Amino acid sequence: MLRSKDDMTSARSARAASIPGTEPARRFEALIFDWDHGDTSHGRGPEHLGALIEEACAHGLYMAIVSGVGVDELDALLGARPAGPGGLMLATSRGHEVFSVDRDGFKRTFETAPRISGDVGRGDFETARGDWWVMPWLWRCGIAPDQVLVAEGRDSIVAVLQDQIARRRAGELPIVSEDPSWTVVVEGIDRRLERAHEALLTIADGTLGTRGSVIVPHSSGDPAVMMSGIYAGAGSESDLLAAPRWHTVPVGDHVRPPIRRLLDLRAGVLRQEIASGKGPIDVLLFSSLARPGVAVLRARGPVPGPGRARALEPPPGVAYEQGERDAMTWMRARAGPASIVAALHERVRGRHPKRVLDRIATYEGTTSGTADHGRALKRLRGARKIGFDALLAEHRRAWASRWEDADVLIEGDPELQRATRVALFHLTASVGDADEAAVGARGLTGRAYRGHVFWDSDVFVLPFLAATHPAAARAMLEYRIRRLPAALRSARAAGRAGARFPWESARSGEDVTPERLQDQRGDLVPVLTGELEEHIVADVAWAAVCYTEWTDDPTFAGVQGRELIVQTARWWASRIELDRDGRGHLRRVIGPDEYHVRVDDNAFTNVMARWNLRYAAQVGAGRADELERRRWLELADAIVDGYDPQTGVYEQFAGFHALEPLLIADFAPQRPVAADMLLGHDRVSATQVLKQADVLMLHYLVPDEVAAGSLEPNLDFYEPRTAHGSTLSPGVHAALLARAGRLEHALEMLRLTARIDLDDIGENTGGGLHLAAMGSVWRALAFGFAGLRPTGDALKIDPMLPPGWEALELRVRFRGSRVHLRIEPTEVKASADPPVIVLDGDGRRIQLDRAPRTLQPASTARSSR
């Protein structure tokens, strides 16, 4: 796991809070025992100790026991055979040998001898316990250092275990880590910002998303629950179907401030602390990453007694039906052909005002037909059987596993560190890794844009997943693959060949872009993107290639991926118009800029089409004959791109240079700014002001397809003209400014991107988080600053560390290998497991393996350019 030096040794800080009686007693998630320290007895362990350990593990507790005796003797003394979901580790010979113990006995995990240097506390035990195996093991189980209790001596183990088991039996909530680099905290309810806060605090599992509303209903909130890809309605009215709500708890009118919500990003849990006249209410909620579609809540305090509250609430304005079976309730919401069913079990125990309310809910959805409540009830029985603690334990392990492959460490910029983890958390939570994943612009955090799928997902979200969790990227591509027939029909309807993917997509794969929308002034304006923003066709192809380059998935590349590439190339081949001089044109399009419509030869669209044709010619054997592939190459060579070799600048579209050369940086120095609102639609379309990166997107997506050395002149020309009126824009500029060595400006743009939702910069976060902007945060770090980029069978690494950072660490998965990169001001180190080939900044091929290797000596580490 990527952790800072403080994280690596933070077990030391747990020691002051670790001995029973030194702090207020509470529930812990892991126990570390020094079996020998202070103990003078040499007899057998306490009676029934093995049974206590097994019961504690059954409640999800993790334990590590460090001893100087051999494993056979220690195992005989303990007599434990835990079956989980918690775990037991034994460190014998003072931590030199480590064994895991389960129902089948003990087995060696690893054997090592080194000691960690430095003053870490009490002798060898502190070194072995704190710095090199226990805390990393617990970290991989989803346990943070401040959730760990440390105790000494055999006499304490029974008392501690009995105490911790009793707390779990009584329903005490687990402590939530408050490490500021891993948490989002919202104090109170700000009615103006509440919906934005609900979006930020969303808990999701890739299938089910629940906004982070206060569990007590109030007028300023939108406690929505939604499922990925479950759309109601048709055409532009197609919308994510609102699901029954499982997470509201009416507790009367005695609730009062303060109200505090804390989202633990590392463990994927939301803690709520609510004051009331009848006593405090503590709540923990999570949506299981280990069991997508399963949601869990535990509340402790003056909550309603059994049968006093309606556990499932229907979504507003949606028809529903409900029923009950075997003490479980179910509710089905339906709109048109789509339906979602939720099944819920609720258990209340204890006496007022310290009751414990446990809820488990399961969800099933379908875009056509009746969601099966019997299936939801069956899954609910399975979740009830293992219970709250086991569900929590497996959920935390699932999140820990994802962070092992996805975390980014930025040493020297704590605010950017936290903002980056917020982005990575929601990217992970919003995309499932099975079947297909329809990833809307706001993911599972809100219903803005009706949950429609745009190019945002293909170009900005998928790269993060392709490089960290390929199964989720594959599920995103499966969404496109299953809608290829609709794209083929769309092309035929337009009188062309190949596949034309829609600008906005929902259930069927047909275009669902609205024809008119109301702007911020209240005026109805025509929406032409569905008709004219055709670069989406090449964007889908690019996503398929991005996945293939990172994963080398032969099954996808050889069949479905190749089909996507070939059919999109056929669209462009039928769409390009040749003039009398043999030059190819794409007329009447909209580029990413979107302030300028019905333009000819948009550079981004043309070059992406060229790239698509060339790539299809390279990989299309078996799906296209030689004559067709030769024709693709001829068209690719013929298409104009607007490049001027004298200036190094690509003209954004034909006639762009003749427009009023207004620099928005001079006119509105504080960006981002909605220039179309500031200047009006007609005025802005007559200027060179851009909504977002357009030509520069070529250097972001297909740098090998543009002229060498053209990045800097295009940055110089287009950046002052860009209003950043789209959240997609600053992150692109951050990545490209980093590649150009303009690190301070790059860092400024990265910080802006990372705070778009945290600060509600556009005042629209309440409709859901901007997933594409979050994806651009990761890509600015990975592609921009770290210089990571697949190049054939090798991973190119060409890093640039901005001033003020002590280190940047990333982990990615490249072609089945886990690659770990650490960039410091004076050196760059990398490792890979299994071995893989990388290219350093000078183009040298280097084989990495598990042993960290310095790619560049200190004298040539690229901290600037």
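Once the Cα atoms of helix 743-754 and of the chain are each reduced to a long axis, what angle between those two axes, in degrees from 0 to 90 to the nearest 10, is obtained? In the chain, helix 743-754 runs at an angle near 70 degrees to the longest axis.
Can you tell me, using C-alpha contacts under 8 Å and at least 6 residues apart, the relative contact order of the stretch 669-738 as a whole percent?
Numbers: 66 pairs, mean separation 31.4, N = 70.
The value is 45 percent.
As a calculated quantity, the FRET efficiency between Arg349 and Ser220 at R0 = 30 Å, using C-beta atoms, amounts to about 0.40.
Between the beta carbons of Asp326 and Arg169, assuming R0 = 25 Å, the FRET efficiency works out to 0.55 to the nearest 0.05. Listed by chain and number, the aspartates and glutamates whose alpha-carbon sits under 14 Å from that of Lys378, ignoring those within fewer than 8 places in the same chain, are Glu324, Asp326, Glu364.
Average accessible surface for the stretch 334-412: 37 Å² per residue, computed with a 1.4 Å probe over protein heavy atoms with every protein chain in place.
Potential lengthening of the chain between Thr854 and Glu415 amounts to 155.2 nm, from the contour at 0.36 nm per residue minus the alpha-carbon distance.
The alpha carbon gyration tensor of the stretch 373-485 gives principal lengths a ≥ b ≥ c with a/c of 1.5 or higher and a/b no greater than b/c, which makes the shape oblate. With each label modelled as a point 7 angstrom along the Cα→C-beta vector, the Thr826-Phe667 pair spans 5.0 nm.
Within the accessible area of the chain, the carbon and sulfur atoms contribute 48%, probe 1.4 Å, all protein chains present. Loop-resident trypsin sites (Lys or Arg not before Pro) (DSSP state other than H, G, I, E or B) in the stretch 534-622 with no more than 15 further Cβ atoms inside 10 Å of their Cβ: Arg580, Arg583, Arg587, Arg588, Arg598. Each label was represented as a point 7 Å from its Cα along the Cα-to-Cβ direction; for Ser574 and Asp155 these points are 8.5 nm apart. Residues whose amide H comes within less than 5 Å of that of Ile639, counting only those at least five positions distant or on another chain, are Gly584 (H built at 1.01 Å from N in the peptide plane).
For Lys278 and Asp759, a Förster radius of 41 Å and the Cβ-Cβ distance give a FRET efficiency of 0.70, rounded to the nearest 0.05. Cross-link reach is defined here as a Cα-Cα straight distance under 29 Å, omitting same-chain residues fewer than 8 places apart; for Lys107 the lysines meeting it are Lys385.
Can you classify the stretch 333-410 as rounded, prolate or oblate using the Cα gyration tensor, where a ≥ b ≥ c are the square roots of its eigenvalues, rounded means a/c under 1.5, and otherwise it's prolate if a/b beats b/c and oblate if not? Oblate. Scalar couplings 3J(HN,Hα) for the stretch 784-800, obtained by applying the Karplus form with A = 6.51, B = -1.76, C = 1.60 to θ = phi - 60°, are x, 8, 7, x, 7, 6, x, 9, x, 8, 10, 9, 7, 10, 9, x, 9 Hz; x denotes Gly and Pro. Ranking Gln618, Phe28, Gly387 by how far each Cα lies toward the positive end of the dipole of the chain (charges on Cβ) leaves Gly387 at the top.
Each residue of the stretch 835-847 is assigned a 3J(HN,Hα), and the resulting list reads x, 8, 8, 10, 10, 7, x, 9, x, 6, 7, 10, 8 Hz, derived from the Karplus form 6.51 cos²θ - 1.76 cosθ + 1.60 (θ = phi - 60°), x at Gly and Pro.
For the stretch 752-865, the relative contact order works out to 20 percent when only alpha carbon pairs closer than 8 Å and six or more residues apart are counted.
Extending 7 Å from the Cα toward the beta-carbon at both Ala708 and Arg845 defines two label points whose distance is 2.0 nm. Shown here for the stretch 689-787: GluC sites (Glu not before Pro) in loop regions (DSSP other than H, G, I, E, B) with at most 16 other Cβ atoms within 10 Å, namely Glu763.
For Ala25 and Asp644 in the same chain, what is the full-extension length gain: residue separation times 0.36 nm, less their Cα-Cα distance, in nm?
Details: separation 619, 0.36 × 619 = 222.84 nm, distance 7.16 nm.
Between Ala25 and Asp644, full extension yields an extra 215.7 nm.
For the chain, what is the mean residue ellipticity at 222 nm derived from helices alone (per DSSP H run of n ≥ 4: -39500 (n - 2.57); sum divided by total residues; nearest 500 deg cm²/dmol)?
After summing the helix terms and dividing by residue count, I get -9000 deg cm²/dmol.
A Cβ-based charge dipole, computed about the Cα centre of the chain with Lys and Arg at +1 and Asp and Glu at -1, lands at about 2460 debye. Residue-wise HN-Hα couplings along the stretch 487-493, as the Karplus relation 6.51 cos²θ - 1.76 cosθ + 1.60 with θ = phi - 60° gives them from phi, are 5, 5, 5, 4, 5, 4, 4 Hz; Gly and Pro carry x. Excluding same-chain neighbours fewer than eight residues apart, the lysines reachable from Lys829 by a Cα-Cα span under 26 Å are Lys5, Lys796. Across the options Leu711, His426, His733, the greatest Cα extent toward the positive end of the charge dipole of the chain (unit charges at beta carbon of Lys, Arg, Asp, Glu) belongs to His426.
The values are calculated or read from the model by the stated rules, or taken from the named source; none is laboratory data. Not measured: the values here are computed from a predicted model. Neighbour counts are summed over all protein chains in view; Cβ atoms, including those assigned to glycine, are modelled from backbone coordinates with ideal geometry. Side chains included, ligands, DNA and RNA excluded: accessible areas come from the protein's heavy atoms. Shrake-Rupley method; radii C 1.70, N 1.55, O 1.52, S 1.80 Å.
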